[in-house]
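Shown next, in structure tokens, is the structure this report addresses.
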Protein chains: 2
Amino acid sequence: MIKTKAYAAQTAASLLAPYEFQRRAPGADDVQIEILYCGVCHSDLHTARGEWKGTQFPCVPGHEIVGRVVAVGSQVDKFKVGDLAGVGCMVDSCGHCHSCAEGEEQYCENGFTGTYNGPMFGGENTYGGYSQTIVVKQSFVLHIRHAEADLASVAPLLCAGITTWSPLRHWGAGPGKQVGIVGLGGLGHMGVKLAHAMGTHVTLFTTSPGKVEDGKRLGADRVCVSTDPAQMAALANHFDLIINTVAAPHNLDAFLGLLKLDGTMTLVGAPAEPHPSPGVFNLIFKRRSLAGSLIGGIRETQEMLDFCAEHGIVSDIEMIPMDYINTAYERMLKNDVKYRFVIDLATLG
Amino acid sequence: MIKTKAYAAQTAASLLAPYEFQRRAPGADDVQIEILYCGVCHSDLHTARGEWKGTQFPCVPGHEIVGRVVAVGSQVDKFKVGDLAGVGCMVDSCGHCHSCAEGEEQYCENGFTGTYNGPMFGGENTYGGYSQTIVVKQSFVLHIRHAEADLASVAPLLCAGITTWSPLRHWGAGPGKQVGIVGLGGLGHMGVKLAHAMGTHVTLFTTSPGKVEDGKRLGADRVCVSTDPAQMAALANHFDLIINTVAAPHNLDAFLGLLKLDGTMTLVGAPAEPHPSPGVFNLIFKRRSLAGSLIGGIRETQEMLDFCAEHGIVSDIEMIPMDYINTAYERMLKNDVKYRFVIDLATLG
């Protein structure tokens, strides 16, 4: 067993604080990674505070993990000691259902095992990346091909990146398509960068006029201030695809009306309270779809990482020490981060 | 001009009553049809009673029209006097937008002209099929290839038939697919018949245990009483496509949860009040879609009619005289019809 320092919430009402637990020693098919950086996702906060049902405590969040391989099991052939490696939102799945067979482990019919709080999805309890080291079976470990200097900024690709990449790919973003990204936070800023790099025309929707310039810098061809009715009306029936990253309940009709015939709006944020009910006429009169999408499979996560390495894409981050995490959560709630906090695990020592 | 007897609502609060108006004389591209039968659609009732916004009075409803061609304009080449013919929900569209160019006039970007109450969709006012005769440009007139004896039962295909046919085709119903039809009314009973004839496995959802046998007679492979939690739970993650014909507000999540990965539920009924808001997790965790679909284009309406003629498919109807229409509306509100009223226009004389 491997003694591991970490930060954990002991109850839904607790601040995160130092915690120590045991990882399993690497089995034949396992990779042990020294965690160097871990991104801070809104899901971490929701889970640590028990805002979604089913948090098991103590809870060690973190599923945007990058680091260096420090040990491998006897049957590991994908990684060797010294490799850079990443771990995203999943560490296991059944491996034999239809979804797993298709490489879409995130939709595992028997429930994948989350990198932390595994039982929420049906598996054993697990501890995430706010910790020194992690042991994961090799098929759930990703290769990092970015320069080592970029490593901290790569971490958010493991959740924010793949969560926007997967629906962009699934619904065919690319040249000739009009894509909207709603919300400029951790997910939204990755959505803009990725959609732009795919060669699609990108419109960012933000409620903040102060984010217009930043949206353009990140790659948006157009930034629409969604609180301005005239700007919104000018884009009616315009989009093939809208990726909506906003988890707070809001009026979906305002965006559904911007889809052209057969367009789709895909929700990737999960609000604690439901959105106001969307209007049926908005769906019927243009055969529009309202859909959802969950992270992405391991194969496409590797594709996304390789694409980002090739195109020089990383996240915009603010690096923080481990003991800043509770302050970081409060700032996240105020959207006061551009655009992702990343923990430097060297500060956990 | 052609003096035409009809039934009309003079205000949203009026019963329908005899009315007389003038049709245009057929122009070079027009077909004049003596109306023999007209189906009674829920939209007729909603419009006549002003329950959707924008009814222009007097209102002559009716968009499931079948009859015989009695005159044709000089440039008409699709029809000749004596032909059986049908008219559905549209009598015109712009003809040059992207949707019209694709043969999807129902999604005309400039607004199609409805067969009655045209202004609701952007066109001139129009009077529908609760009348003796109608004059329509030939490109919006359908050929009827059923036996003449079936003519009354063909009428509901022009709306109830195409409204379920179009989404079944668009989302790929057929052999090997699991399709659900929610609601056994005018639309639902056509959905069951059409999906069955397409060779797909059909499950009918009804709240009425008394409709189980009738559902099977109509072609359902399985009938699920949707108020029985055990029957519903047994079908979780089961369907590729669900066509939801129920216009009354209801819990969409109960059906969204029955879709498999990448499944779609398509709404074809438009409630006056919104449905309770569907759960985002239900969409996200299986990449499901909630969509809408509006009638169908002229080309696919003809395809549907020809398919039905070939497969011997008609609607189950109850024939009524014109002066029964107000009683028929009250019975429709109680779902007391199996499964469509059709007016015998000979009774209007």
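The values are calculated or read from the model by the stated rules, or taken from the named source; none is laboratory data. Keep in mind that this is a model prediction, so the values were computed, not measured. FYI the Cβ positions are ideal-geometry reconstructions off the backbone, even for glycines, and counts take in every protein chain you see. To get the accessible areas, we keep the full protein, side chains included, count just its heavy atoms, and leave off ligands, DNA and RNA. Shrake-Rupley method; radii C 1.70, N 1.55, O 1.52, S 1.80 Å.
General remarks:
- Subset of region A:25-56 (residues that are more than 24 Å from the chain's Cα centre (by Cα), closer than 23 Å to A:LEU158 by Cα and surrounded by fewer than 20 Cβ atoms within 10 Å (Cβ to Cβ)): A:ASP29
- Residues within region B:320-344 that are in contact with a Ser or Thr (Cβ under 9 Å, 6 or more places away or on another chain) and closer than 20 Å to B:VAL60 by Cβ, tallied: 7
- Count - residues of region B:308-330 that are part of a helix (DSSP H, G or I), open to solvent by less than 40 Å² (accessible area, probe 1.4 Å) and not hydrophobic (A, V, I, L, M, F, W, C): 2
- Only one entry of B:SER289, B:SER315 meets the criterion of being in contact with a helix residue (DSSP H, G or I) (Cβ under 9 Å, 6 or more places away or on another chain) and more than 26 Å from B:GLU34 (Cβ to Cβ), and that entry is B:SER289.
- Inside region A:162-186, residues that are assigned to a loop (DSSP other than H, G, I, E, B) and either farther than 18 Å from A:LYS338 by Cα or not assigned by TED's automatic domain parsing to the domain that holds A:ALA270 (or both) make up a count of 7.
- The condition (being assigned by TED's automatic domain parsing to the domain that holds B:HIS275 and in contact (Cβ under 8 Å) with a residue 40 or more places away in the chain) is satisfied by just one residue among B:ASP214, B:ASP221: B:ASP214.
- Filter pass, A:LEU258 being at pLDDT 95 or above, crowded, with 21+ Cβ neighbours inside 10 Å and more than 23 Å from A:ALA291 (Cα to Cα): no
- All positions within region B:282-307 that are at the interface with chain A (Cβ under 9 Å from one of its Cβ atoms), open to solvent by 10 Å² or more (accessible area, probe 1.4 Å) and in a helix (DSSP H, G or I): B:ASN282
- Options A:VAL182, A:VAL192: the member that is out of contact with any Lys or Arg (no Cβ under 8 Å at 6 or more places or on another chain) and within 14 Å of another protein chain (Cβ to nearest Cβ): A:VAL182
- Residue in region B:68-83 that is touching a Phe, Trp or Tyr at 6+ places or on another chain (Cβ under 6 Å) and under 22 Å from B:MET1 (Cβ atoms) present: yes
- Which listed residue is of a type in the set (Asp, Glu), under 24 Å from A:ARG340 (Cβ atoms) and in a strand (DSSP E or B), from A:GLU34, A:GLU20: A:GLU34
- Search result, residues across region A:270-280 that are open to solvent by less than 30 Å² (accessible area, probe 1.4 Å) and more than 8 Å from chain B (Cβ to nearest Cβ): none
- Criterion violated by A:MET232 - all others in (1) in contact with a Cys (Cβ under 8 Å, 6 or more places away or on another chain); (2) within 25 Å of A:PHE307 (Cβ to Cβ); (3) open to solvent by 10 Å² or more (accessible area, probe 1.4 Å) satisfied: (2)
- Counting the residues of region B:109-119 that are open to solvent by less than 10 Å² (accessible area, probe 1.4 Å) and either facing chain A (nearest Cβ under 10 Å) or among the polar types (S, T, N, Q) (or both) gives 2.
- Checked against (1) out of contact with any strand residue (DSSP E or B) (no Cβ under 8 Å at 6 or more places or on another chain); (2) part of a strand (DSSP E or B), B:VAL342 meets all criteria but (1).
- A:ASP221 closer than 17 Å to A:GLY176 by Cα, open to solvent by 30 Å² or more (accessible area, probe 1.4 Å) and more than 9 Å from chain B (Cβ to nearest Cβ): yes
- Flag for A:MET198 being of a type in the set (A, V, I, L, M) and at pLDDT below 95: no
Residues are listed down the side, and each one gets a yes or a no for (1) within 16 Å of A:PRO119 (Cα to Cα); (2) touching a Cys at 6+ places or on another chain (Cβ under 8 Å); (3) touching a residue at least 24 places away in the same chain (Cβ under 8 Å):
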| position | (1), (2), (3) |
| --- | --- |
| A:LEU16 | no, no, yes |
| A:VAL31 | no, no, yes |
| A:ILE35 | no, no, yes |
| A:HIS42 | no, no, yes |
| A:GLY50 | yes, no, yes |
| A:GLN56 | yes, no, yes |
| A:CYS59 | yes, no, yes |
| A:ILE65 | no, yes, yes |
| A:VAL70 | no, no, yes |
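- Scanning region B:194-206 for residues that are more than 14 Å from the chain's Cα centre (by Cα) and assigned to a helix (DSSP H, G or I) yields B:ALA195, B:HIS196, B:ALA197.
- Which listed residue is out of contact with any helix residue (DSSP H, G or I) (no Cβ under 6 Å at 6 or more places or on another chain), over 25 Å from B:TYR324 (Cα atoms), touching a residue at least 12 places away in the same chain (Cβ under 8 Å) and outside the structural domain of B:GLU273 (by TED's automatic domain parsing), from B:CYS97, B:CYS108: B:CYS97
- A Cβ distance below 7 Å, combined with a sequence gap of six or more or placement on separate chains, defines the contacts here; from region B:254-269, residues that are more than 9 Å from chain A (Cβ to nearest Cβ) and over 13 Å from A:GLU109 (Cα atoms) reach residues that are open to solvent by less than 20 Å² (accessible area, probe 1.4 Å) and of a type in the set (S, T, N, Q) in the pairs B:PHE255/B:ASN244; B:MET265/B:ASN244.
- Among the residues here, A:CYS41 does not qualify as in contact with a helix residue (DSSP H, G or I) (Cβ under 6 Å, 6 or more places away or on another chain) and not small (Gly, Ala, Ser).
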